[in-house]
1. log₁₀ I(q)/I(0) of region 22-105 at q = 0.16, 0.19, 0.20 Å⁻¹, via Debye over equal Cα point scatterers, no solvent, to two decimals?
2. Rank by packing, highest mean first: peptides 194-202, 214-222, 361-369, with packing defined as the count of other Cβ atoms within 10 Å averaged across residues.
3. Taking N as the number of residues in region 369-420, what is its alpha-carbon radius of gyration divided by 2.2 N^0.38 Å?
4. Based on the alpha-carbon gyration tensor of region 270-336, what equivalent-ellipsoid semi-axes (square roots of 5 times the eigenvalues) come out, in whole Å, largest first?
5. How big is region 71-201 in terms of Cα radius of gyration and Dmax, in angstroms?
6. So what is the accessible area of region 255-363 per residue, in Å², with the probe set to 1.4 Å?
7. Calculate one ³J(HN,Hα) per residue across region 262-269 by plugging θ = phi - 60° into the Karplus curve 6.51 cos²θ - 1.76 cosθ + 1.60, and present them in order as whole Hz with x for glycine and proline.
8. On average, how much accessible surface per residue is there in region 1-136, in Å², for a 1.4 Å probe, leaving out ligands, DNA and RNA?
Amino acid sequence: MKRRDFISKAAGISAVASLPIADMFARVNDLASATPQAETNYDVIVLGVGSMGSSTCYHLARRGVKVLGIEQFDIPHELGSHAGQSRMIRKAYSEHPDYVPLLRSAYANWQAMEQETGAELYFRTGILHIGKKESQDIAGLRKSASLYSIEVKDVSQAEMTSRFPQFRIPSAYDIVLEPDAGFVTPERSVLLFTEQAIRKGAAIHTKEKTLSWKREGGTITVTTNKQTYQCKKLVITAGPWAGKMIPGLSRNLKVTRQMIAWVKPRNWKAFELSTFPCWTIADIDKPGTFYGFPILPTAKFGGPVGLKLAHHYHGVVSDPDNLNRVPAPEDESVLVDALNKFFPEGYESTHVMKTCMYTNTPDENFILDFLPGYDKEVCVAAGFSGHGFKFSSVVGEIMADLALKGATAHPIGFLNAGRF
Ligand SMILES: Cc1cc2nc3c(=O)[nH]c(=O)nc-3n(C[C@H](O)[C@H](O)[C@H](O)COP(=O)(O)OP(=O)(O)OC[C@H]3O[C@@H](n4cnc5c(N)ncnc54)[C@H](O)[C@@H]3O)c2cc1C
């Protein structure tokens, strides 16, 4: 396999890491359009350059193979699953303890990316987890923390009053602080993975939609609205569109419409980054989990401005090409009610609401595997069920392992495609 090295590596560790997000966006999309556009033969094609695809392109390119990433929109964009400034990252994983070894690798890879580019991607705010003792959020977190010796700390009502006065939490709830947790920045991460992939020789095509792919002999043919390509291996990282690209998996990939709000709190300063942590609250009276982030400076993180919160609970099942992006009054009221209930000074007015999509599997665990029926020629990373972004730094490495080595040392057996 031959390395394509058309971008000079003499220009420093990252030409975009310190730029404001809008400039990063322009520079990386310019860089992408300067990569080869007419070449049609590749070692590996990555279908979809979002959260998982950008990281996969990076990990493949750094191993010196000829890789093409095909993205239907710009990189990044607001029409899939990765928009919205921030994504929580935590280790005491309530969903399933088997994720913890992957999380350790994900944390290490985020740190490695920060060192490689000089960018800050992980913000260690700590996360306050709040819920009934027996809730999945709290019981699951304690189980993972105890199995893997992850630091978590019970927080008393008195400590809440002195240290986190922004919250008003009834005594029926447990409150657990996970110090080595916080958020990562999705748009900046996707841009940096893409930039680094290009610098290491990847070709990246934006605004190009993959229409179909098929295997013929030992070759995969990928047809887009612009071109037909051949490759030896295909990695499908198409997010909410994965079911359309892999009809055999579509019944196990349910796309739902999710809403995020940015609001103006009554006391702005109390909710800013450096003062306010990330939080999750499993409300006793409502299904799902409310969660939120501190207010971030938009020059560095991009818009929108305000205190961000959302509800981790499946929204309406939707077609990613026909998503209803208009917020309904009940989309807003469920979030405002939660703010008014748990944050006395948390709400004055709503700035903006945005839509995003989850791609849910039946058990809400990911699919990281070879595609059944295609030997080891097609790999898939899909079904991230609303909690995948934090893993993107390691998912790219896993997909590169599967595509190039036919196996990975990462423990992904529980995420196999054949389990449904
Ligand atoms: C509201 C919300 C909050 C979330 N909060 C968290 C959180 O706090 N922590 C966390 O870890 N995770 C969180 N997640 C989940 C996380 O963001 C997703 O799991 C992750 O972004 C999924 O990545 P992906 O690569 O599968 O999809 P995407 O990032 O959407 O990437 C898929 C890409 O494939 C492209 N594509 C698809 N089809 C084609 C085609 N035919 N041709 C070319 N390109 C194509 C798409 O345009 C897209 O860019 C949240 C998600 C949402 C919606």
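The values are calculated or read from the model by the stated rules, or taken from the named source; none is laboratory data. Note that the structure is a prediction, hence the values are computed from the model and not measured. Methodologically, a virtual Cβ is constructed for each residue, glycine included, from the backbone with ideal geometry; neighbour enumeration extends over all protein chains shown. Calculation scope for accessible area: heavy atoms of the full protein, side chains included, ligands and nucleic acids excluded. Shrake-Rupley method; radii C 1.70, N 1.55, O 1.52, S 1.80 Å.
1. Each listed q maps to, in turn, -0.80, -1.00, -1.06.
2. Packing proxy ranking, top to bottom: 194-202, 361-369, 214-222.
3. Cα-based Rg divided by the globular estimate yields 1.09.
4. Sorted largest first and rounded, they come to 24, 18, 10 Å.
5. 17.3, 56
6. Roughly 41 Å² per residue, with all protein chains present.
7. Couplings: 10, 10, 9, x, 5, 10, 4, 4 Hz.
8. Here the residues of region 1-136 average 39 Å² of exposed surface.
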